[in-house]
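The values are calculated or read from the model by the stated rules, or taken from the named source; none is laboratory data. Everything quoted here is computed from the prediction, not taken from an experiment. Reconstructed Cβ throughout: ideal geometry from the backbone, glycine too, with neighbour counts over all protein chains shown. Protein only, heavy atoms only, side chains kept; ligands, DNA and RNA dropped before computing areas. Shrake-Rupley method; radii C 1.70, N 1.55, O 1.52, S 1.80 Å.
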Amino acid sequence: MKFLIPIFFCAFILACSSSKTKNPSVQKNSVSSSSVINLKDAPPGKIDTSEVVSKKAIEVIKKHTKYATKDIARSQIIKTKNGYWWKFVNVRYGQKFIVTTDASFTNVQLIKQSKK
């Protein structure tokens, strides 16, 4: 019985160290700044990846909620014809929000989504 343990251990190591191949049917989701959005419930627009807009979004979240930045998971920011739109989640409490702002980030609408 003791001779089975080293055999099992060697078989396990060989199984884990086999060569890995990529599945060509799986596609990567690469997003560029000019790509059209795919977010659920998002208005039509383009993804804005600029650092300035990202910092403004963080400021809006800090100003209108009292959550720590480390507890927030934010979606991509969408530039719409009227301003900006994004979703964020408080990962600590599971609360979901949708934010819409005008282009200058002065008029902010924060909508809390109900849990389903």
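What number comes out for the charge environment of GLN95, summing +1 per Lys or Arg and -1 per Asp or Glu over other residues with Cβ under 11 Å away?
Neighbourhood net charge equals +3.
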FRET E, pair LYS70, SER104, Förster distance 25 Å, beta-carbon r, rounded to 0.05
0.35
Net charge near ILE58: determine it from the other residues with C-beta under 11 Å of the C-beta of ILE58, scoring Lys and Arg +1 and Asp and Glu -1.
+3
Leaving out ligands and nucleic acids, note down the accessible area per residue over the range 55-97 with a 1.4 angstrom probe, in whole Å².
64 Å²
What FRET efficiency would be calculated for the residue pair GLN113, TYR93, taking the C-beta separation as r and a Förster radius of 22 Å, to the nearest 0.05?
0.95
Accessible carbon and sulfur surface of the range 44-116 relative to its total accessible area, %, 1.4 Å
52 percent
